[in-house]
Structures are given as C-alpha cells and as structure tokens.
C-alpha cells in the first residue's frame, strides 16, 4: 500500500471523466473538486495524458492538513506539530525530530489501527508523514523514482534533501 503520490501524477481521459458516484477513484474526485489541476497535456502514441498537480501551495497544505487530521486526529495539536517539524528539520535537530514524531504517533488512538491491519502497511505511515510534511509547507515527493531505484519519500528544504525510507517491523 504505497502512499498516494498526487503531485505530478499522470491521468488519462477515462480517469478524469469518471462520474459514477458509487465507483469513482480518489484521483478523479480530487480533480473534479479542484484539489488537483492539469499542469500540462502530454501526447503519447496518439493519446492525450494529463500531468496533474496541486493548483497552488495553499490547496496542497489545506488538503494535507485535512488528510492528516483524519488520519491522526487532534487538529490544533497537529498544526503546531507541522510547524515545529519544519523548524526541527531545517535545524537538523534529529533528537527533537524523533521526540516530535514519537509524540505524533503516540497521539493516534490505538483503536484506529488495532481493529484492522492498516498498521501493517508502510503506506499508512508514509501517508501520515507526507501529510505532516506537506502541511508544514515543505517540498515533498512520495515514491520518488530514479534510474537506481525508488525512495519512499524525499523532503526538500532550503538547505538540503532528506530521503526517508519506511519499514514496518514486528
């Protein structure tokens, strides 16, 4: 269950024109509600494909704040944590960052992941981190691929790039 990489995703006509309310993909719904927009049209073998992205930084942050609050609860506390996260990351304060992330995960009610197997998937944790970093206004790329492989998440700040790999262990 990989994290949902929305910014820069490629969509087809079929995805963007889906209107079956009972069976609509997340990406199509986000496009149709304005959370994603067409960045550019790419022609491939006579077909049009659409490179999607957030219309602006405010929409990106707002969507990820909503997702984080749904995934982790306690909205005012999460907003403060997101702001603190960016400060700690830019200061390379690893001890402070670990303390903050442990506090965030400790605040998620155990019932949310004990009655199902979502905690067994790294995508759950990747989604939490993605939403937290994006809500903080950081430049985040999920499932970032290159010629040598893929990294679960890359976070770019003014001073550097942080690569994050998620592993779920028993």
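Our estimate of slack between residue 169 and residue 42, defined as 0.36 nm per intervening residue step minus the Cα-Cα distance, is 41.7 nm.
Where a ≥ b ≥ c are the square roots of the eigenvalues of the C-alpha gyration tensor, would you call region 10-53 rounded, which needs a/c under 1.5, or, failing that, prolate if a/b is larger than b/c, or oblate? The partial results should precede the final answer.
Working: a/c = 3.32, a/b = 1.52, b/c = 2.19.
Here region 10-53 falls in the oblate category.
Legend: ranking of residues 156, 148 from fewest to most surrounding C-beta atoms inside 10 Å; resulting order 148, 156.
Throughout, read-outs are computed from the coordinates displayed, never taken from laboratory work. Bear in mind that the values here come from a model prediction, so they are computed numbers and not experimental data. In this analysis, Cβ positions are derived from the backbone assuming ideal geometry, glycine residues included, and neighbour counts consider all displayed protein chains.
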